[in-house]
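Before any comments, here is the structure.
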Amino acid sequence: MGNPLRTLLDLPERERAERGLEHTPREIGQQPDTWLTTYQICSDRRAELNDALRRAGVGRGSTASPTVYLVGAGTSDYTGRALAPLLRDSWNTDVWALPSTTLLTEFDQFHSPGREYLWISFSRSGQSPEGVALLERALGRYRQIKHLVITCNPQGEMAQLCVRHSDRATVLVLDDAANDRGLAMTSSFSNMLLAGQCVGHLDSLDEFGKVVTQLSECGREFLPSAAEAAAEATTLGCTRACFVGSGVLRGVADECALKVVELSAGKVTTLAETPLGLRHGPMSSVDGQCLFTAFLSSEPRRRGYELDLLREIDRKKLGRARIVVTAGDGSDVADLADFRLRLGCADLPDNYRPVLDVMLGQLLGLFASMRCGLKPDQPSPNGVITRVVQPIKLYS
């Protein structure tokens, strides 16, 4: 089949515009190169970011460090889910992904008087109504909360709020190439996530730069095979898709599920779970119309549970087709999957993998969108969803 993503990128400009393919294919394909730029931005601002973390209390030790919340909505929330375990390991403190949509309605449940907090907020546009309202409220009423906002838009209201409250808030603006023009967040997800990984490695950023180079190289190798698998799998006409992953790869599963339902305008319904969680009822959705995708951990204990699930699904003959993504050769799953995608970085810990694995879900969403007769750049022709969520009424 060759590389179907490359085929889309090579279409004449007019055809890409007519088919709604101007932005999304390019934004998926450019990611391995943009990660190097994001790393350089973080490296250039290393001293400032380090100072912001120290003022927030990160590094004092587990008993004195602040509670860290990773804040966002939708894809930006899944960025936090895919980052939290790495920051817990790096900082030896409590780090939790908490949706801005939850914080806006349940703020007091998650904040105790006298305790210190650091919010790391993710927002592609910096214009999300929940994110802006929440940041305004926190800056106005809760001085004990320190803030780091990671965004792709220097003109967004969240970035401007940080500028106006620079004593308690720092903004990290990524390169404009990561500010996706298509409706779906692709480059922005992986680059905000990588920026978060850089923030977690400020004390060893030069060493982490070698990891970023490895990720970039591995990503370039992974994209063609992932695109080929995604294009072929979506020809099956599955009306359901299920994604499973453990640890940080559960965050990947969440984001992949969102990409497919978003880009298919809901014509493909999706589910994300952990391998163990799927067995408690949700496995009933893995029927003959379901495309099943598993992101397999390199950690032996997690992988044992994942292999058991794959064997059960194989034994019960569940799913129309099965895809697995694995580091290394994946010989232990050779007979359990219709598509076996191998990441060429067997020594890479799970915590660093989400930026790679997520590209499969993005590609599945892209090709599913086309199979459904939609325009991937604007897959919601009736305006049910938009690039920036519509304003909401706020209640005190």
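The values are calculated or read from the model by the stated rules, or taken from the named source; none is laboratory data. Bear in mind the structure is a predicted one, so any value in this text is a computation, not a measurement. Positions of Cβ are backbone-derived with ideal geometry, glycine not excepted, and every protein chain shown enters the neighbour counts. The protein model used for the area step is the full one, side chains on, heavy atoms only, and it has no ligands, DNA or RNA in it. Shrake-Rupley method; radii C 1.70, N 1.55, O 1.52, S 1.80 Å.
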Could we say that Tyr39 is of a type in the set (Phe, Trp, Tyr), more than 16 Å from the chain's Cα centre (by Cα) and modelled with pLDDT of 95 or more here?
-> yes
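To keep it simple, each residue is scored yes or no on (1) closer than 22 Å to Asp347 by Cα; (2) out of contact with any helix residue (DSSP H, G or I) (no Cβ under 6 Å at 6 or more places or on another chain); (3) basic (Lys, Arg); (4) surrounded by fewer than 23 Cβ atoms within 10 Å (Cβ to Cβ).
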| site | (1), (2), (3), (4) |
| --- | --- |
| Ser216 | yes, no, no, yes |
| Thr239 | no, yes, no, yes |
| Pro282 | no, yes, no, yes |
| Arg302 | yes, yes, yes, yes |
So which residues in segment 62-104 are touching a residue at least 24 places away in the same chain (Cβ under 8 Å), over 16 Å from His201 (Cα atoms) and in a loop (DSSP other than H, G, I, E, B), if there are any at all?
-> Ser62, Ser65, Pro66, Ala73, Gly74, Asp94
So Gly344 clears everything in (1) under 22 Å from Asn3 (Cβ atoms); (2) small (Gly, Ala, Ser); (3) at pLDDT 95 or above except one condition, right? Which one?
-> (3)
Residue pairs within 7 Å by beta carbon, gap of at least six or interchain, first lying in segment 27-51 and over 25 Å from Thr170 (Cα atoms), second open to solvent by 30 Å² or more (accessible area, probe 1.4 Å) and small (Gly, Ala, Ser), listed first then second, are Gln30/Ala177
Please work out if Leu53 is modelled with pLDDT of 95 or more, assigned to a helix (DSSP H, G or I), among the hydrophobic types (A, V, I, L, M, F, W, C) and under 29 Å from Ala133 (Cα atoms).
-> yes
Is there any pair linking a residue in segment 121-141 that is within 20 Å of Ala195 (Cβ to Cβ) to one that is part of a loop (DSSP other than H, G, I, E, B) and open to solvent by 10 Å² or more (accessible area, probe 1.4 Å), with Cβ under 6 Å and at least six apart or on different chains, and which?
-> Arg124/Met185; Ser125/Asn153; Ser125/Val388; Gly126/Asn153; Gln127/Val388; Ser128/Ala73; Ser128/Val389
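Criterion first (assigned to a loop (DSSP other than H, G, I, E, B), open to solvent by less than 20 Å² (accessible area, probe 1.4 Å), touching a Leu at 6+ places or on another chain (Cβ under 7 Å) and at pLDDT 95 or above) does Asp377 satisfy it?
Details: assigned to a loop (DSSP other than H, G, I, E, B): yes; open to solvent by less than 20 Å² (accessible area, probe 1.4 Å): yes; touching a Leu at 6+ places or on another chain (Cβ under 7 Å): yes; at pLDDT 95 or above: yes.
Judged against the criteria, Asp377 is a match.
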Among (1) touching a residue at least 60 places away in the same chain (Cβ under 8 Å); (2) under 17 Å from Leu348 (Cα atoms) - the single one Glu255 does not satisfy = (2)
In this structure, does Gly209 turn out to be under 21 Å from Val333 (Cα atoms) and surrounded by fewer than 23 Cβ atoms within 10 Å (Cβ to Cβ)?
-> no
If only one of Val132, Val149, Val95, Val171 is open to solvent by less than 60 Å² (accessible area, probe 1.4 Å) and at pLDDT below 95, which one is it?
-> Val132
Counting residues that are free of Cβ contacts under 8 Å to residues at least 40 places away in the same chain, which strands (runs of 3 or more DSSP E) fully inside segment 283-357 reach at least 3?
-> 321-327
Selection count where residues are open to solvent by 20 Å² or more (accessible area, probe 1.4 Å), closer than 17 Å to Gly126 by Cβ and part of a helix (DSSP H, G or I), scope segment 174-204 | 2
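Which of the following residues is within 22 Å of Ser190 (Cβ to Cβ) and either open to solvent by 70 Å² or more (accessible area, probe 1.4 Å) or out of contact with any helix residue (DSSP H, G or I) (no Cβ under 6 Å at 6 or more places or on another chain) (or both): Ala346, Ala272? Spell out the reasoning first.
Numbers: Ala272 fails: either open to solvent by 70 Å² or more (accessible area, probe 1.4 Å) or out of contact with any helix residue (DSSP H, G or I) (no Cβ under 6 Å at 6 or more places or on another chain) (or both).
Just a single option satisfies the conditions, and that option is Ala346.
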